[in-house]
Amino acid sequence: MAYQYEDYDVAVIGAGHAGCEAALSCARLGLKTIMFTVSIESIALMPCNPNIGGSSKGHLVREIDALGGQMGKTIDATFIQSKMLNRSKGPAVHSLRAQADKHDYTDHMRRVVENQENLTVKQAEIVDFTTEEKDGKKRITGVVTHTGGIYPCKAAILATGVYLKARCLCGESITYTGPNGLQAANALSEALKRLGIRLVRFKTGTPARIDRRTIDFSKMEEQFGDERIVPFSFTTDPESIQKEQVSCWLTYTNEKTHQIIRDNLDRSPLYAGVIEGVGPRYCPSIEDKVVKFADKSRHQVFIEPEGNYTNEMYVGGMSSSLPEDVQFRMYRSVPGLEHAQIVRHAYAIEYDCIPAVQLKASLEFKAIDGLFSGGQFNGSSGYEEAAAQGLMAGINAAMKIKGRDPVILKRSEAYIGVLIDDLITKETHEPYRMMTSRAEYRLILRQDNADLRLTPIGHEVGLIDDERYEKLLEKEKMIREEIRRLEHTTIGGSKEVQDFLEKHGSTPLKTAVSMAELIRRPELSYETLLPLDAGRKKLPEDVIVQVDINIKYQGYIDRQMRQVEQFRKMEDKKIPEDLDYSDIKSLRTEACQKLTAIRPHSIGQASRISGVSPADISVLMIYLEQYKRKKHMKETV
Amino acid sequence: MEMDTIAAVSTGMTHSGIGKIRISGDEAIRIADKIYRSPSGKKKLADAPSHTIHYGHIFDGDQVIDEVLVLVMKAPKTYTAEDVVEIDCHGGIVVMNKILETVIRYGARPAEPGEFTKRAFLNGRIDLSQAEAVMDIIRSKNEYALDSSLRQLKGELKEKIQDIRKSIIESVAFIEASLDDPEHISMDGQDEIFREKVDRHIAELEKLLDTADSGRLIKEGIKTAIVGKPNAGKSSLLNMLSGEERAIVTDVAGTTRDVLEETVNIHGISLNIMDTAGIRDTQDVVERIGVDRSKDAIRQADLVIYVIDGAAPFDENDRAIMDMIRDKKTIILLNKSDLSQAMEKEELEKELDRPLIAVSAKFGDGLDELEDRIKDMFFNGQIDLNDQIYITNTRHKKAIMDALDSLKLVKESLDAGMPEDFYSIDFMNAYTSLGKIIGESLGEDLIDTIFSEFCMGK
């Protein structure tokens, strides 16, 4: 029996990492929000690896935090080991990664969403939408539950993760469930197709979990956390999170492991052709690694704790869809795992998702007014990628309801901008993972300056309060003034100075130079130059970091800034949504088809579409100028 | 103004009396000042009033290139509504090209086909009604440029560029894989390998630039196709022109099954001759391919030399060829004047309504008349050098110079002990610049290489 519930502003479908950020941002922006999940137990679940962050993903978490999202705060409260990766490399690729206590993480996020004002959490499967036609375009007016409940809403956000028509594969055994045996959502795919949305099938996988008591750690290398822990959130006081950390462990596969895998490849659903979905190349199953990198005699295996109060250990690097009996032998062939008991077997999971080229940069469907989507449903992979999109989908649903302009982060502003632009511009053929090489302006998009880049935007949106914003302005001022001071403080070649330089392996001065000039020398830094810098005031640690990086790498940063200038000009040339590309006679057919399919929002985005040539872009620019002048003429007549 | 400074030869690369190099953009006058010298040596173009003409010389460093008149026109009343400088020189392909390259070396970028017109329109200098025409120009000029640039690229150059690019992307993929997955992939000891690699590629590219200076990056000359029925004597003609036994000459019709290429020089005019397989209706698969290639050669050619077999009757195959070459600049030869003729020359001339030259490719008779005809056609402007050849060469050089600059930055970073995430960006820029030469855009090359070469993952 259909029945109608009270009205909401926003309905969020799914309560994973994308759904939680989406729901929280809408509710925090004052919108009456409801978040649906097939199971309350699956809120912010981490069904795969037990960590948050990592190369470029750590950047995403920092950016989510700088914009006013939740993920950084929750991992700061629940991590059990923390590490800054790539410390020996440049600051742009330093990346934070924390091992989470999975249970704590889920629990913490659940408490946050349950206690969020304006937010209702509801266990129900959404199976359909109600819509109306407005100006020849479909508009979402509500969502429908499997029991027939209709929840009217102004906007809906899809964050279904890997649950749509999910099926799990473990050898010959196939179960039609989501991760961890949770209920799949089987009806929504059909409703989406009825709305004209194109779906594709992707797959991913997870390794086994092993009982800690059955592992011989003496045969493995211990991996410790950092001595000094750096928080994810800019609001977390570093002192408050210095604590005892747990270790991870490193071991390796060997020829025996590989032989077991090779002997049983015919029983792998992937190689037997049972799996239709496209899997990611960056997180290959162990059978993929053995086949594709046949010359490698061993692969790394990381044994990571799933939490403080469980004996389950995650076997990183050995995800698989081989049958249970093969898994058993395969894991036991690894040093330290000879007597391992498997708590949960590895499996592959297949699910429905969309080519995100159907979305605008605001993550709203081009063809359906008021329908947004984020997370793995958009063809991405990873908790952090999901959360980042969830946050942006939430913000933009709110902006739409409030009648404000969408928030679109540029590739030059944030990894989130790169992530979303890639998803909506390139038809990806595998789950999309963030990578530092995807960010062309990465020297500017550092994890250390995410607040400087994005907190003003978060404030403008309304997710960052005035107090935090004022603090940021103060920080900016201190950085600016200190850099100016260092550039204007000259230092001569006195004996004291020359001795100091010699001691640090630096060439002596011939003429007086600025303090900034000395900081730029690779062997020196802001910190080491303290004894020569009489006028220095005590500054906060985060200010010093910015001063040091900005001076030291100024040449590189300036060069990227100039490229960004060029890039911005193209991004700022907007293309009207209703442009009829078939009207542009001089476009090549391929370009016309691609542009019509993707409908880029700017000349910049158009230029990144494969199959659109520079000449097509020139033609498009001429056409837009003509279009503009014609419009101007009409207006002035 | 939001666009960079561009330059191109705006008169067409011919042997005509005057050549014009046009520079447009913010930096136009500054760049011109760097290479222009007035007779007194004191005048600065930057100080000159707009729309004035200045006599002087163009220098590359201390070396005079040409005596010129320079027109200085300041924005907005110019063709592009930007600052524009036009350098009128004495013409001649070599001089024009040299001036253009000097302008580029001092900071301008070679203009894309149709780019001046594009700017003129975008800056409001061309009427709205012309928009369609402007778009057509851009499209057709670009298609032509792309087509000819790839066609002219020499095989060995292409291979060299591809080798360097492959080597670069492997290094970048290694770096990026280790940045994305530092616990799986270690970069220890790679610095030295990179240093050696960068030095090697810098040397290789510098050598390529030297080659480019003598204009040998591309196949030069008037693209000339020799066509005719099998055994009409096309290969013999090529041998006669080039003076060496290059093409295989036999009495068996259909011997030349591929397109041979030869550069010959006639009165200082360089012809890039394609000897083609004989055209006839054939069932032989290999020969069929040869025939298709011949048709393709006709399409590409600036000049077609059609060899009629004077000893055989003029038949259907000849008529088919006449049809194919109808729109081309053509010289028709009646070959085998040494044998008894199947048809009178005058009679055939009347039928075809075209003049013929009687030759004997075997004995060299009629060669002088052929050469004179080619010379006349060239100096009357009936056939001209494909401008794109020089434009392509300039663009290729610019791309190589850009790649070199990027590699030198990599070297600097390596020497300064910078971490690899800094120089991998410049490495990648070099890869992108080189890609422009072989017409390859970036796409997902890097990500693809990372995944195919490195075992990443959690």
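Residues in the range A:373-409 that are part of a loop (DSSP other than H, G, I, E, B) and not small (Gly, Ala, Ser) were compared, and the one that is most open to solvent (accessible area, probe 1.4 Å) is A:Asp405.
Scanning the range A:197-222 for residues that are outside any strand (DSSP E or B) and either open to solvent by 60 Å² or more (accessible area, probe 1.4 Å) or out of contact with any helix residue (DSSP H, G or I) (no Cβ under 9 Å at 6 or more places or on another chain) (or both) yields A:Arg198, A:Arg212, A:Arg213, A:Thr214, A:Ile215, A:Asp216, A:Phe217, A:Ser218, A:Lys219, A:Met220.
Conditions (1) surrounded by fewer than 17 Cβ atoms within 10 Å (Cβ to Cβ); (2) at pLDDT 95 or above; (3) within 25 Å of A:Gln327 (Cβ to Cβ); (4) touching a strand residue (DSSP E or B) at 6+ places or on another chain (Cβ under 7 Å), marked per residue:
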position: A:Thr106; (1), (2), (3), (4): no, yes, no, no
position: A:Arg111; (1), (2), (3), (4): yes, yes, no, no
position: A:Asn115; (1), (2), (3), (4): yes, yes, no, no
position: A:Ile126; (1), (2), (3), (4): no, yes, no, yes
position: A:Thr131; (1), (2), (3), (4): no, yes, no, yes
position: A:Gly171; (1), (2), (3), (4): no, no, yes, no
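For the criterion of being in contact with a helix residue (DSSP H, G or I) (Cβ under 9 Å, 6 or more places away or on another chain), hydrophobic (A, V, I, L, M, F, W, C) and surrounded by fewer than 23 Cβ atoms within 10 Å (Cβ to Cβ), A:Ala98 fails.
Condition check: open to solvent by less than 20 Å² (accessible area, probe 1.4 Å) and away from chain A (no Cβ under 14 Å). Does B:Leu157 satisfy that? The answer is yes for B:Leu157. Touching an Asp or Glu at 6+ places or on another chain (Cβ under 9 Å) and of a type in the set (S, T, N, Q) - does that describe any residue in the range A:415-427? Checked the range A:415-427: no residue is touching an Asp or Glu at 6+ places or on another chain (Cβ under 9 Å) and of a type in the set (S, T, N, Q). Filter the range B:128-140 down to residues that are more than 8 Å from chain A (Cβ to nearest Cβ) and of a type outside the set (Val, Ile, Thr) and give me whichever is farthest from A:Leu624 (Cα to Cα). Checking each candidate, the answer is B:Ser140.
When residues in the range A:528-560 are screened for being away from chain B (no Cβ under 13 Å) and touching an Asp or Glu at 6+ places or on another chain (Cβ under 9 Å), 13 of them pass. If I go through the range B:102-117 residue by residue, how many of them are more than 16 Å from A:Lys585 (Cβ to Cβ) and either at the interface with chain A (Cβ under 8 Å from one of its Cβ atoms) or in a helix (DSSP H, G or I) (or both)? The qualifying residues number 9.
Does the range B:321-332 contain at least one residue that is free of Cβ contacts under 8 Å to residues at least 12 places away in the same chain, in a helix (DSSP H, G or I) and of a type in the set (D, E, K, R)? Full working, then the answer.
Start the filter on the range B:321-332 by keeping residues that are free of Cβ contacts under 8 Å to residues at least 12 places away in the same chain, which leaves B:323, B:326-327.
Okay, now just the ones that are also in a helix (DSSP H, G or I), so B:323.
Right, trim to of a type in the set (D, E, K, R) and you get B:323.
Looking for residues that are free of Cβ contacts under 8 Å to residues at least 12 places away in the same chain, in a helix (DSSP H, G or I) and of a type in the set (D, E, K, R), one finds at least one in the range B:321-332, hence yes.
For the range B:66-100, the set of residues classified as in a helix (DSSP H, G or I), out of contact with any Cys (no Cβ under 7 Å at 6 or more places or on another chain) and open to solvent by 30 Å² or more (accessible area, probe 1.4 Å) consists of B:Val94, B:Lys98, listed by residue number. Exactly one of these conditions fails for A:Gly417: (1) under 19 Å from A:Ser602 (Cβ atoms); (2) within 14 Å of another protein chain (Cβ to nearest Cβ); (3) small (Gly, Ala, Ser). Give me its number. It fails just one condition, (2). From the list A:Val121, A:Val200, the lone residue that is of a type in the set (A, V, I, L, M, F, W, C), in the same structural domain as A:Ser42 (by TED's automatic domain parsing) and at negative phi is A:Val121.
Looking for something within 25 Å of the chain's Cα centre (by Cα) and closer than 30 Å to A:Glu227 by Cα - is there at least one such residue anywhere in the range A:171-182? No: the range A:171-182 contains no residue that is within 25 Å of the chain's Cα centre (by Cα) and closer than 30 Å to A:Glu227 by Cα. Here A:Ser437 passes the criteria (1) under 29 Å from A:Lys594 (Cβ atoms); (2) touching a residue at least 24 places away in the same chain (Cβ under 8 Å) except the one numbered (2).
Scanning the range A:561-579 for residues that are more than 13 Å from every other protein chain (Cβ to nearest Cβ) and open to solvent by 80 Å² or more (accessible area, probe 1.4 Å) turns up A:Met561, A:Lys574, A:Glu577, A:Asp578. Filtered by the rule that a residue be open to solvent by less than 10 Å² (accessible area, probe 1.4 Å) and either over 26 Å from the mean Cα position of the chain (by Cα) or of a type in the set (Lys, Arg) (or both), the range A:304-332 gives A:Leu322, A:Pro323, A:Val326, A:Gln327, A:Met330, A:Tyr331. Residues that are open to solvent by less than 20 Å² (accessible area, probe 1.4 Å) and part of a loop (DSSP other than H, G, I, E, B) within the range A:410-429 comprise A:Arg411, A:Ser412, A:Ala414, listed in sequence order.
Residue by residue through the range A:7-55, note down the ones that are of a type in the set (D, E, K, R) and over 24 Å from A:Gly462 (Cβ atoms). Walk me through it before giving the result.
First, the residues of the range A:7-55 that are of a type in the set (D, E, K, R): A:7, A:9, A:21, A:28, A:32, A:41.
Answer for the range A:7-55, where residues must be of a type in the set (D, E, K, R) and over 24 Å from A:Gly462 (Cβ atoms): just A:Glu41.
Using the structure shown, decide if A:Val301 is within 29 Å of the chain's Cα centre (by Cα), within 14 Å of chain B (Cβ to nearest Cβ) and more than 30 Å from A:Arg87 (Cα to Cα).
When the stated conditions are applied, A:Val301 does not pass them.
Check off (1) among the acidic types (Asp, Glu); (2) part of a loop (DSSP other than H, G, I, E, B); (3) over 28 Å from A:Asp135 (Cβ atoms) for A:Glu350 and give me the number that stays unchecked. Exception for A:Glu350: condition (2). In the range B:421-435, the qualifying residues are those that are at the interface with chain A (Cβ under 9 Å from one of its Cβ atoms) and open to solvent by 10 Å² or more (accessible area, probe 1.4 Å), and the one that is farthest from A:Val93 (Cα to Cα) is B:Met428. Note on the range A:612-637: residues that are more than 9 Å from chain B (Cβ to nearest Cβ) and surrounded by fewer than 16 Cβ atoms within 10 Å (Cβ to Cβ) amount to 7.
Taking B:Arg125 as the residue in question, decide whether it is among the charged types (D, E, K, R) and within 14 Å of chain A (Cβ to nearest Cβ).
Values: among the charged types (D, E, K, R): yes; within 14 Å of chain A (Cβ to nearest Cβ): yes.
Yes: the conditions hold for B:Arg125.
Scanning the range A:9-29 for residues that are part of a strand (DSSP E or B) and buried (at least 24 other Cβ atoms within 10 Å of the Cβ) returns A:Val10, A:Ala11, A:Val12, A:Ile13. Would you mind telling me which numbered condition in (1) assigned to a loop (DSSP other than H, G, I, E, B); (2) open to solvent by 20 Å² or more (accessible area, probe 1.4 Å); (3) touching a Phe, Trp or Tyr at 6+ places or on another chain (Cβ under 7 Å) A:Asp548 fails? Condition not satisfied by A:Asp548: (1).
Here is a yes/no grid of residues against (1) among the small types (Gly, Ala, Ser); (2) modelled with pLDDT of 95 or more; (3) out of contact with any Ser or Thr (no Cβ under 8 Å at 6 or more places or on another chain):
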| position | (1), (2), (3) |
| --- | --- |
| A:Gly394 | yes, yes, no |
| A:Gly403 | yes, yes, yes |
| A:Ile416 | no, yes, yes |
| A:Asp421 | no, yes, yes |
| A:Lys426 | no, no, no |
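The values are calculated or read from the model by the stated rules, or taken from the named source; none is laboratory data. Since the structure is predicted, the reported quantities are computational estimates derived from the model, not experimental observations. Positions of Cβ are backbone-derived with ideal geometry, glycine not excepted, and every protein chain shown enters the neighbour counts. Accessible surface is based on the protein model in full, side chains and every heavy atom, while ligands, DNA and RNA are left aside. Shrake-Rupley method; radii C 1.70, N 1.55, O 1.52, S 1.80 Å.
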